[in-house]
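First comes the structure, then the notes that go with it.
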Amino acid sequence: MTIMGKSKTERRIDETEAQSVLRNLRVSPQKLNLVAAMIRGMDAEKALAALTFSRRRISDDVKKAVQSAIANAENNHQLDVDRLYVKEASVGKALTMRRFRPRARGRIGRIRKPFSHLTIVVGEREETA
């Protein structure tokens, strides 16, 4: 008897990790990376607190991604929420919308509206005895 279909792909991350991915965020990768750099390596609770009080517009979306990664760790991988930290916060470039604005003497001004991808990986810290 043969089994049809593809075999299950291996997990790209460790057993003590969980991730969440936000795609097509309407912000430039450079600005998103400033927020991501702020929370890299932080404990999960401290990262949520820092994002709550951050004044940057995109920090609310990053906070949702961190909350989603924490929920994935708790519900899908049975990890201890109190020992979670932001192991990885990577930013990628997505599409760029291009718009044009007419300028003087028949010229145009190009307007670029970039989009970004965000991947948050939370990991469980080893217990220090």
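Can you tell me how many residues within region 8-23 are over 15 Å from Leu79 (Cα atoms), surrounded by 11 or more Cβ atoms within 10 Å (Cβ to Cβ) and acidic (Asp, Glu)?
Summing the residues that are over 15 Å from Leu79 (Cα atoms), surrounded by 11 or more Cβ atoms within 10 Å (Cβ to Cβ) and acidic (Asp, Glu) in region 8-23 gives 0.
If Asn75 satisfies all but one of (1) over 24 Å from Ala37 (Cα atoms); (2) under 16 Å from the mean Cα position of the chain (by Cα), what's the number of the condition it fails?
Only one criterion in (1) over 24 Å from Ala37 (Cα atoms); (2) under 16 Å from the mean Cα position of the chain (by Cα) is unmet by Asn75, namely (2).
Within region 112-129, does at least one residue satisfy the condition of being over 16 Å from the mean Cα position of the chain (by Cα), basic (Lys, Arg) and either under 16 Å from Gln19 (Cβ atoms) or at pLDDT below 95 (or both)?
Within region 112-129, one or more residues are over 16 Å from the mean Cα position of the chain (by Cα), basic (Lys, Arg) and either under 16 Å from Gln19 (Cβ atoms) or at pLDDT below 95 (or both).
Please enumerate the residues belonging to region 78-95 that are more than 20 Å from Leu25 (Cα to Cα) and within 18 Å of the chain's Cα centre (by Cα). Can you show your working first?
Initially, region 78-95 is screened for residues more than 20 Å from Leu25 (Cα to Cα), giving 78-85, 87.
Within region 78-95, Leu84, Tyr85, Lys87 qualify.
Among Glu74, Glu17, which is touching a Gly at 6+ places or on another chain (Cβ under 9 Å) and over 30 Å from Ile111 (Cα atoms)?
None of the others qualify; the one that does is Glu17.
Do you know which residues across region 80-116 are touching a helix residue (DSSP H, G or I) at 6+ places or on another chain (Cβ under 7 Å) and among the aromatic types (Phe, Trp, Tyr)?
Of everything in region 80-116, just one residue is touching a helix residue (DSSP H, G or I) at 6+ places or on another chain (Cβ under 7 Å) and among the aromatic types (Phe, Trp, Tyr), namely Tyr85.
Where in region 10-129 are there strands (runs of 3 or more DSSP E), lying fully within it, with 3 or more residues that are aromatic (Phe, Trp, Tyr) and touching a residue at least 24 places away in the same chain (Cβ under 8 Å)?
Working: elements: 17-25, 84-102, 108-124.
Per the criteria, no element qualifies.
Could you tell me which residue of region 33-55 is surrounded by the fewest Cβ atoms within 10 Å (Cβ to Cβ), considering only residues that are over 15 Å from the mean Cα position of the chain (by Cα) and charged (D, E, K, R)?
Arg55
The values are calculated or read from the model by the stated rules, or taken from the named source; none is laboratory data. None of the values given here were measured: they were computed from a predicted structure. Counting neighbours? That spans all protein chains shown, and the Cβs are built from the backbone with ideal geometry, glycine included.
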